[in-house]
Each structure stands twice: as C-alpha cells, then as structure tokens.
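**Student:** For reference, the structure I am asking about is given below.
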Amino acid sequence: MVSHGPQSSRLTRLIVRVASREAARAAHAAGADGVEAASPEGVAPIAEAIGGRCPLGAAIPPMPTVAALIDAARQALAQGADYVILPVSDGAETAATCRRIAAELPPGSVHAAIGTGEADPADWLGACAAAGFAGARLDLSRGRSPERLPVATIGRFVRACAAARLAAGLCGPFEAPDVPRLLELEPDALILALPDGGPSSPEKGILDAIRLLTASGHWIVIESLAERIAAQLLRHPRAMRVSVRIEKLDVCPCVVGVEIVRVRGEQPAHG
C-alpha cells in the first residue's frame with residue numbers, strides 16, 4: 001500500500017493484473033497488495049501460483065448476454081477468485097442489469113469496470129451503488145491513458161465513488177510517471193495492467209517522481225518543492241526516512257538552497 005503523504009491517513013492498494021502464473025508470482029514477490037487475472041481462463045493457474053497469499057480478482061470480458069456474464073463470474077469465483085470485475089455500460093437497462101448481477105453473485109464480490117467513453121464515468125455509479133457493488137474501476141487501458149483523459153475527469157470519478165461508498169480503482173497500463181499523479185487523486189486502488197512485466201525499479205520511480213514535480217511549474221519557494229519531493233518519496237513502501245537538498249543555481253555566485261529531513265509518520269515542524 002502507498003500513503004498519500006504526511007497529511008493523509010489514506011492508503012492506496014497496488015494491484016497488478018497479470019496473464020500468467022509466472023507474472024503473478026513476480027507481482028506478489030515485488031510486494032503487490034493483490035493480483036488480478038486478466039481473463040477468466042487464467043484464474044485457476046494463478047490461484048494455484050499465489051496460494052491465497054494475497055487477494056485474487058478476475059476481470060470478466062464483455063459477454064453477449066447478462067446470463068453469460070454471470071456464468072463466467074461464477075466460474076471465476078469457483079476457481080479461486082475472491083472477487084470479479086464485470087463490464088458495466090451506461091444505458092436504460094443499467095440499473096436492472098446491476099441488480100440482477102448483485103442478486104446472483106456473493107455479496108461484496110462484484111466490482112464494475114467502467115470504460116472511458118463519451119459519457120462522464122462518474123455518472124454511471126448510481127446503479128452500481130444501489131445494487132450493492134463493492135467498487136468500481138475506471139478502465140484506462142483501451143487507448144485512454146491519463147495523458148489523454150483529463151485528470152479532472154478521473155478525480156471526479158474517484159470522488160463520486162467515495163460519495164457512493166464504492167471502492168475506487170484506476171486500471172491501466174500505467175508507466176512510472178503516471179503513478180504519482182494518480183496517487184494525488186487518492187483512489188482506493190491502482191491496478192497496473194502488466195501482463196508480462198513487473199513494476200519499475202525503485203530508483204527509476206524516485207527519479208520519475210522528482211521529474212514530475214519539478215516539471216509541474218515554477219517554484220518560487222524551494223522549501224515547498226522540497227516538502228513535496230519528500231512526501232512523494234515517503235510513499236514508497238520501503239522508504240522510512242528521506243533527506244532532500246535543493247540548490248538554486250541562478251540566484252548568485254554563492255550556494256543558495258535548502259535541505260530537509262523527513263521521517264515517515266512524523267509531522268514537519270514549522271515556525
């Protein structure tokens with residue numbers, strides 16, 4: 001899990017969506033909070049590979065009928081999945097479909113997979129919440145990366161999930177620079193669709209976080225930039241203490257800068 005910084009007590013679960021038992025083992029060994037099978041066919045071997053050591057979900061693809069969707073979900077749960085992610089689309093029958101799905105599957109086992117079509121995805125959550133779904137996933141994997149979908153839209157989805165008491169998940173083939181920006185929105189889970197690979201190295205993640213912050217605007221008060229960098233680095237699950245030093249090279253011939261030390265769980269002293 002990743003903290004949202006020293007001012008927040010919320011945590012985001014990091015889940016990896018995989019296509020093979022080997023990738024599932026690698027994801028668990030790398031510290032993922034959970035694993036999801038990319039297809040129903042992969043549930044049984046992946047369940048055997050992780051042996052109940054972390055939660056297992058199963059992504060169910062679109063089916064020609066609601067009955068076929070429910071049947072596929074039942075099979076995935078019978079083969080070892082703890083929960084299923086079912087595609088939900090906005091339409092006149094959405095509420096009835098959600099009620100039927102919830103009535104025929106175990107309580108708390110269903111998350112809705114919501115695409116990023118023309119409609120605002122936050123508008124699709126009412127039927128999911130009313131039916132008793134456990135959560136909703138905004139699927140960014142179909143050609144709509146965070147670079148192309150406005151961050152404001154993603155944030156609205158996360159807030160709408162919170163208001164509806166649905167666990168908010170963001171799913172996609174994220175790259176390291178995407179992660180700090182999405183964590184700012186405080187989703188309940190980030191689901192990395194990495195069928196054949198693992199997470200980036202910690203060193204690359206640190207450099208990406210720093211580059212993201214320094215590129216986000218001109219920082220007049222470098223103390224603020226140092227605080228933001230420290231907060232980002234402390235989100236890494238293994239980071240307990242960080243030291244950040246920044247120097248401004250364009251002010252005068254002497255060295256002008258700031259150095260701070262921050263420890264996980266401690267509030268910075270001000271004044």
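Taken together, the values in this text are just the output of simple stated rules run on the coordinates, not laboratory data. Note that the structure is a prediction, hence the values are computed from the model and not measured. For neighbour counting, all protein chains shown are included, and Cβ atoms are generated from backbone atoms with ideal geometry for every residue, glycine included.
**Student:** Take each of the peptides 155-163, 93-101, average the number of other beta-carbon atoms within 10 Å over its residues, and list them starting from the highest.
**Tutor:** Sorting 155-163, 93-101 by mean packing, highest first, produces 155-163, 93-101.
**Student:** Want the number for residue 95 to residue 240: 0.36 nm per residue separation, take away the alpha-carbon distance, what's left?
**Tutor:** Full extension of this stretch gives 47.6 nm more.
**Student:** Around residue 130, under 13 Å between beta carbons, what's the net of Lys plus Arg minus Asp minus Glu among the other residues?
**Tutor:** So the environment of residue 130 carries a net charge of +3.
**Student:** Determine the sum of side-chain charges near residue 51: Lys and Arg each +1, Asp and Glu each -1, restricted to other residues whose C-beta is under 15 angstrom from that of residue 51.
**Tutor:** Residues close to residue 51 contribute a combined charge of 0.
**Student:** Using amide H atoms built in the peptide plane, which far-off residues or other-chain residues are under 5 Å from residue 113 H to H?
**Tutor:** 86, 88, 137
**Student:** I'd like the FRET efficiency for residue 29 and residue 67, computed as 1/(1 + (r/R0)^6) with the beta carbon distance as r and R0 of 22 Å, rounded to 0.05.
**Tutor:** Working from the Cβ atoms, E equals 0.05.
**Student:** Next question, about the same structure. Taking K and R as +1 and D and E as -1, what net charge do the other residues with C-beta under 12 Å from the C-beta of residue 241 add up to?
**Tutor:** +2
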